[in-house]
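Report on the structure given below.
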Amino acid sequence: MIISSAKPFEEILELLKDEDDIFVIGCNACAAKQHLGGEPEVIEMCQHLEEAGKHVVGGVIPSAACSVASFDSLIEKNPAIKNAKTILVMACGSGVSIISGLAETPVYPSNNTQSLGGRSQGEVVPELCAMCGDCNIYYFGGICPKGQCPKQLLNGPCGGSIDGKCEVDPEKDCVWELIFRKLEKAGRLDLLEKVWTVEEIIE
Ligand code: SF4
Ligand code: SF4
C-alpha cells in the first residue's frame, strides 16, 4: 500500500487559484483505505471546493487511480469529465501520474505521497519497504532496515537507541532491536554474521 497524507486544503486552493471547472478523481484502493480519496473524501472535497467559490463539474472514484486504462473509461464512469478544465486527483503520485498521462487538462494532487507501507490488524503501517529493487529482507527476519531504520543501516544498530526506542524517532522501536529479537526467536542469529559491503548497500 502506498502511504500518503492529505495536503492542507489551503494549499490545494493555492494550487487551484487560477483554475476552475474542476473534476475530482479519487482512488478506491490505497487512498480510500487511508480515508484520503474514497467516496466520502471525494464528496467532501467537492463540497469544500464549491464553498470556496470553485465550480466542480463532477467526480469519480476509479477502483485504483494508478490503474486506469484510458480517458474514455473515465468518461464512461462520469461523462461530466469532458466539461472539466482542471482535474484534482485524490490519490498517490502514481495515480496522479497515470491520470496526467491520459488527460489533456492540468492535473493537480491533493495528497502527499510518503512511503510504501501496508495495513494489518486494522492499522495503517507506514515505511515498510524502500523499494530498493534487490529484496534481501530475509536476512533481517522480515523487518527491512532499508525501509524502517531512518539511517538505513544494514550492519547493525547505530548505538543511539534509548530503552529500545529509535534515537531519530523516539515514538518508534529501534528497528534493529526488533530484528535481533525476531532472529533470536527463530534461532537464526547467524544471519547477522553477514557483513554488508558498501557495494551491496548502494547496489
Ligand atoms: S530489501 Fe527492503 S527495501 Fe528492498 S525490496 Fe526488500 S523490503 Fe523493500
Ligand atoms: S536507533 Fe535503531 S532504528 Fe533508529 S536510526 Fe539507530 S539503528 Fe536505526
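The values are calculated or read from the model by the stated rules, or taken from the named source; none is laboratory data. The structure presented is a predicted model; accordingly, all values stated were derived computationally and were not measured. Don't worry about glycine lacking a Cβ; one is built from the backbone with ideal geometry, like all the others, and counts go over all protein chains shown.
Brief remarks follow.
- Count of segment 64-95 residues which are under 14 Å from the mean Cα position of the chain (by Cα) and either more than 26 Å from E10 (Cβ to Cβ) or part of a loop (DSSP other than H, G, I, E, B) (or both): 6
- Any pair with Cβ under 7 angstrom, 6 or more apart, that starts in segment 139-155 at a residue that is under 13 Å from L178 (Cβ atoms) and ends at one that is among the polar types (S, T, N, Q): P145/Q152
- First in segment 164-188 and under 17 Å from L153 (Cα atoms), second anywhere and of a type in the set (S, T, N, Q) and not in a helix (DSSP H, G or I), Cβ under 8 Å, 6 or more apart: E167/S161; C174/S161; W176/S161; E177/S161
- Among residues of segment 171-199, those that are surrounded by 12 or more Cβ atoms within 10 Å (Cβ to Cβ) and either of a type in the set (A, V, I, L, M) or under 19 Å from P126 (Cα atoms) (or both), counted: 12
- Some residue of segment 24-43 being in contact (Cβ under 8 Å) with a residue 40 or more places away in the chain, among the hydrophobic types (A, V, I, L, M, F, W, C) and touching a Phe, Trp or Tyr at 6+ places or on another chain (Cβ under 7 Å): no
- The residues in segment 111-151 that are touching a helix residue (DSSP H, G or I) at 6+ places or on another chain (Cβ under 6 Å) and within 11 Å of ligand 1 (Cβ to nearest atom) can be counted, and the count is 12.
- Subset of segment 158-168 that is of a type in the set (D, E, K, R) and surrounded by 13 or more Cβ atoms within 10 Å (Cβ to Cβ) - its residue that is nearest to G142 (Cα to Cα): K165
- Considering residues of segment 106-134 that are in contact (Cβ under 8 Å) with a residue 40 or more places away in the chain and β-branched (V, I, T) only, the residue surrounded by the most Cβ atoms within 10 Å (Cβ to Cβ): T113
Listed here are the residues, each with its yes/no results for (1) away from ligand 2 (no atom under 16 Å from the Cβ); (2) under 24 Å from I3 (Cα atoms); (3) among the hydroxyl-bearing types (S, T, Y).
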site	(1), (2), (3)
K77	yes, no, no
L88	yes, yes, no
V96	yes, yes, no
T105	yes, no, yes
T113	yes, yes, yes
I137	no, yes, no
G141	no, yes, no
S161	no, no, yes
E167	no, yes, no
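- R181 meets the stated requirement of being within 16 Å of ligand 2 (Cβ to nearest atom) and either at pLDDT 95 or above or over 21 Å from S5 (Cα atoms) (or both).
- Set E167, E184, E104, E177: member being assigned by TED's automatic domain parsing to the domain that holds I61 and charged (D, E, K, R): E104
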